[in-house]
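Taking it in order: structure first as structure tokens, then the write-up.
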Amino acid sequence: MEESKVIGIVAKNSLSYVKAVFDAYKANSTVVLLRSSDDEARITLTKVTTVIEPEEDFGWFDSAYDFENTDAVAQISFTSGTEGEPKGVLLTHKALSDVSRRLNDIMELDSSIREYVGVPAHFSFGLGRFRAIANVGGAAYLPEAGFNPLEIRDMLKAGEINAISAVPTLWRVLLKNKSLFSTEALDLKWIEIGSQYMSRQEKEELKTLFPKAIIVQHYGLTEASRTTFLRIDQVEGELLESVGIAVGSTQLKISASGRICIRGDHVASSLLKMGEFTSNVDDSGWFETNDLGALEDGYLYYLGRADDLINCSGIKLSPDALERDLREYLKIKEGIAISSYDDSLTGNGVLIALKSTVERASADVFNAAIDILSKYGLHNKNVVKVIVLDEFPVTSTGKVQRKELAKLYKSENTKKIAPKVGEDKSDVNEELSDDEFYVQGIWQQVLNIKNIDVDSNYYQLGGDSLSAISAVIEMEQLGDVPSALSKGMLQGLTIREIANQLTTDERVKNYKHKIRSPEVKAGITINIIRGFLVLCVILAHWSDGILERLPESISNLAPYFAPILSIGTPGFALIYGVGAGYSLFSIYQSDSLRLKRLLHKTVVLLSWGILALAVVHFVTALIVSSEVTFTDFTNSFYSVLTYYLLISLTLSFWFKVLSFSKYPAIWSLLLALLFYSIHTFGIRYLGVYPAEGVVEFIKLLFTAKYSYFLMLTGTMIGISIGMHIRHLIDNKQSLDVYKLIGLIAILMGFVISVHAGDQQNWLVWPSHYNHIWRWVLYAGVILVMLSVVDKLLFNYDHFNRVMRLFIQFFAVIGILAFPLFITHEMVLPIKSVLVYFNMNGTLAMLIPLFLFVASSYLMFRKIRSVSFL
């Protein structure tokens with residue numbers, strides 16, 4: 001920009017301001033809009049040479065202008081800065097002219113227009129109206145006292161105006177006073193509505209009040225003014241909820257992240273940020289906004305600002321959509337604004353700001369919000385907070401500053417209405433019964449969650465089989481707690497349902513376990529597959545001893561069992577990841593501290609198990625071997641359980657890494673590929689180097705059969721699958737889609753193995769998991785199993801007793817995975833010790849085997865009784 005052509009004009013609501021801006025355009029000068037005559041920040045930033053402070057005058061503006069249509073910069077507008085430091089937007093003459101041309105075409109404007117401009121002239125909407133009218137040689141009226149429905153009625157009656165422009169907030173004022181208007185409403189020919197939200201009902205009211213008017217609403221931003229237009233007078237039904245279509249050279253698309261992208265002559269290609277000029281568009285000319293939207297048959301639907309989204313317990317909520325729903329629910333048109341606030345348990349909560357002038361009880365607003373949020377899958381009443389304000393914090397253009405609402409919520413001077421749930425036995429809608437209050441208190445103590453909703457179940461709160469055992473144990477440690485509490489919790493009953501069972505004193509004698517929710521079904525599905533894989537692992541560990549005792553004709557069939565034996569350990573790593581991705585990732589998003597507490601319990605269980613195994617293995621080595629080294633001692637701590645101890649210690653970290661991505665499921669797959677590459681092309685080669693003691697133990701952790709990064713490959717694949725299962729369950733979809741995907745993955749695994757010349761290992765046991773084709777194939781098998789078991793469980797309630805016991809057997813084994821891993825690993829070392837003391841080999845095998853079966857049966861009976869009976 002040349003310094004001599006940069007003119008600063010103080011933005012004022014006056015006709016002189018409009019004339020000064022248009023005259024500067026005509027002189028081919030660049031206009032910089034200033035906040036005051038001593039706006040040194042903008043004057044210095046843009047190198048303004050002349051400052052004009054217009055007079056304040058109102059009334060009619062009827063000057064005609066023929067504006068330039070060049071690529072020279074006509075104006076530098078600064079954004080209102082709703083979320084941060086304002087930026088300068090460089091608008092060319094061509095961009096401004098394109099806006100006026102498209103606007104006038106869609107409104108069918110001509111020189112007969114005489115418009116009441118209901119918004120200040122120094123707002124971009126108001127200045128745009130004056131420019132469009134001056135373009136066709138019409139006249140525009142700027143009211144001195146601002147928008148006034150009485151003045152509008154009188155000017156319509158007198159034939160002085162035939163057009164009105166205003167933002168939705170002002171139109172609501174007029175619609176509230178629509179009884180003022182009579183037949184003069186028929187004389188209105190043109191209406192333009194600003195880009196703020198206006199409901200379908202309000203648009204229909206406007207059409208009814210002014211039946212002969214061309215009514216247009218636009219959507220746009222400072223960087224891309226009036227991008228779409230909606231001819232309200234020409235559309236009906238749901239289309240009235242949209243913000244219209246692109247016309248002329250304007251193009252629209254929605255990015256992969258759901259943001260609205262705009263391309264066209266009206267888009268500002270450059271910005272001024274921190275004194276530097278930067279591009280506002282990509283190499284193809286697309287401007288990616290921070291607005292979320294959807295395109296349906298060419299119509300754009302605005303879904304809110306991306307940075308305003310409320311992420312509550314992993315559920316994404318649009319404040320704009322919630323405001324629309326709440327206004328429609330309460331039958332009010334204004335006075336409500338919604339924002340997020342930080343919540344230590346859920347990430348974000350829902351903050352409702354209510355104007356003191358709204359004639360609705362705060363309890364009604366609260367209850368309406370609870371009802372609306374439940375339809376989005378959010379049932380926690382405690383996330384909703386209500387504050388009452390005399391005025392909302394807004395920008396100069398009237399847009400609510402949502403971040404400021406959150407700050408006001410924290411202020412001690414703000415009137416807060418936050419009903420307490422559970423603490424005083426009362427709810428907003430009803431008082432809790434004594435039994436409900438009692439059960440709620442037990443749950444809060446065991447799960448370490450405050451103010452649990454009495455209509456939530458264990459699985460909706462993030463519970464899964466990993467925490468089921470410790471939950472039951474902690475409940476029993478509390479003392480005289482009815483068994484119905486632990487049983488009801490694990491079977492998916494809500495607090496209210498469990499309390500009802502306590503009230504009836506005893507359960508119905510012919511009670512039959514039912515799968516009560518999609519969350520429960522998904523959990524049982526994962527447990528069944530986990531149980532099958534646990535048995536595969538145990539069978540694989542004992543396979544040599546079993547086969548050597550079988551007739552040769554049967555033991556020769558061993559290679560054909562290799563696929564089953566091979567899938568156990570890597571398959572369990574996959575299904576562990578599925579459970580983590582399905583249950584634990586959502587807990588991490590809502591309450592990372594709670595996840596750490598859950599994982600701590602798993603770490604304690606595994607640590608004791610590893611220690612017990614180490615003692616058994618080391619004592620066995622001392623007894624049966626003449627030489628025992630320190631390396632033997634350290635290596636006795638190594639087993640498959642060591643990996644699960646490591647992943648339990650690091651899972652929160654990996655969840656944190658995944659949370660940085662908008663697509664954590666995809667990112668998890670990429671990490672799986674990275675970890676596989678790290679192991680295959682790097683770390684595994686360290687295994688050839690000799691080491692002793694602790695160094696040897698560390699080397700085993702990263703290079704041996706259960707190496708961390710190799711097993712983590714499977715876990716990350718599983719986490720991705722688990723996240724997708726959560727998405728399917730939240731959207732009330734089945735897992736049937738996994739059958740086809742799984743079969744394709746299995747086929748790919750075979751193809752990769754053949755391509756690598758590794759098909760000879762299909763029937764080889766022990767197998768090596770460091771072949772990529774195995775992970776692809778195993779993931780396919782898990783997907784097919786998820787689909788088959790999910791479909792099987794659809795008929796669970798109609799199965800006979802034998803079939804239900806079969807399903808319950810695998811599900812309970814899945815819950816007991818880690819305890820079974822620990823106890824079965826002790827069988828062979830104990831047998832070796834007994835043989836050393838000259839006990840008969842068969843008897844020495846039967847004793848630890850009996851102890852294993854007996855302890856497993858006792859654990860099985862306990863878990864089945866609370867989970868299924």
For residue 161, the lone unmet condition from (1) at positive phi; (2) open to solvent by less than 10 Å² (accessible area, probe 1.4 Å) is (1)
Checking the conditions here, which among 652, 586, 661 is open to solvent by 10 Å² or more (accessible area, probe 1.4 Å), assigned to a loop (DSSP other than H, G, I, E, B) and farther than 30 Å from residue 827 by Cα? 661
Exactly one of (1) buried (at least 20 other Cβ atoms within 10 Å of the Cβ); (2) within 22 Å of residue 714 (Cβ to Cβ) is unmet by residue 682. Its number? (1)
Looking at region 135-144, is at least one residue under 22 Å from residue 56 (Cα atoms), crowded, with 19+ Cβ neighbours inside 10 Å and at pLDDT below 95? no
Considering only region 489-540, how many residues are at pLDDT 70 or above, in a loop (DSSP other than H, G, I, E, B), open to solvent by 10 Å² or more (accessible area, probe 1.4 Å) and of a type outside the set (Gly, Ala, Ser)? 2
Residue 391 being more than 26 Å from residue 438 (Cα to Cα), in a loop (DSSP other than H, G, I, E, B), at pLDDT 70 or above and open to solvent by 60 Å² or more (accessible area, probe 1.4 Å): yes
Going by the conditions given, is residue 234 open to solvent by 40 Å² or more (accessible area, probe 1.4 Å), farther than 24 Å from residue 188 by Cβ, at pLDDT 90 or above and not basic (Lys, Arg)? no
Positions within region 632-670 being among the small types (Gly, Ala, Ser) and within 26 Å of residue 817 (Cα to Cα), in sequence order: 636, 639, 648, 652, 665, 668
Set 279, 284: member being more than 18 Å from residue 227 (Cα to Cα), surrounded by fewer than 18 Cβ atoms within 10 Å (Cβ to Cβ), of a type outside the set (A, V, I, L, M) and at pLDDT 90 or above: 279
Return yes or no: is residue 616 touching a Pro at 6+ places or on another chain (Cβ under 7 Å), of a type in the set (A, V, I, L, M, F, W, C) and part of a helix (DSSP H, G or I)? yes
Among residues belonging to region 709-733 that are of a type in the set (S, T, N, Q) and free of Cβ contacts under 8 Å to residues at least 60 places away in the same chain, point out the one that is surrounded by the fewest Cβ atoms within 10 Å (Cβ to Cβ). 731
Mind listing whichever residues of region 661-706 are hydroxyl-bearing (Ser, Thr, Tyr) and without any contact (Cβ under 8 Å) to a residue 40 or more places away in the chain? 661, 663, 677, 685, 689, 703
Among residues of region 237-258, those that are open to solvent by 40 Å² or more (accessible area, probe 1.4 Å) and not in a loop (DSSP other than H, G, I, E, B), counted: 7
Hey, any hits in region 146-162 for a residue that's assigned to a strand (DSSP E or B) and without any contact (Cβ under 8 Å) to a residue 60 or more places away in the chain? no
Can you go through 64, 95, 74 and tell me which one is over 38 Å from the mean Cα position of the chain (by Cα), buried (at least 19 other Cβ atoms within 10 Å of the Cβ), closer than 22 Å to residue 9 by Cα and not β-branched (Val, Ile, Thr)? 74
Residue check for residue 228: under 30 Å from residue 213 (Cα atoms), open to solvent by less than 30 Å² (accessible area, probe 1.4 Å), β-branched (Val, Ile, Thr) and touching a Lys or Arg at 6+ places or on another chain (Cβ under 8 Å): no
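The values are calculated or read from the model by the stated rules, or taken from the named source; none is laboratory data. In this text the structure is predicted, and so the values were computed from the model without any measurement. Virtual Cβ from ideal backbone geometry, glycine too; neighbours counted across all protein chains shown. Accessible surface areas use protein heavy atoms only, side chains included; no ligands, DNA or RNA. Shrake-Rupley method; radii C 1.70, N 1.55, O 1.52, S 1.80 Å.
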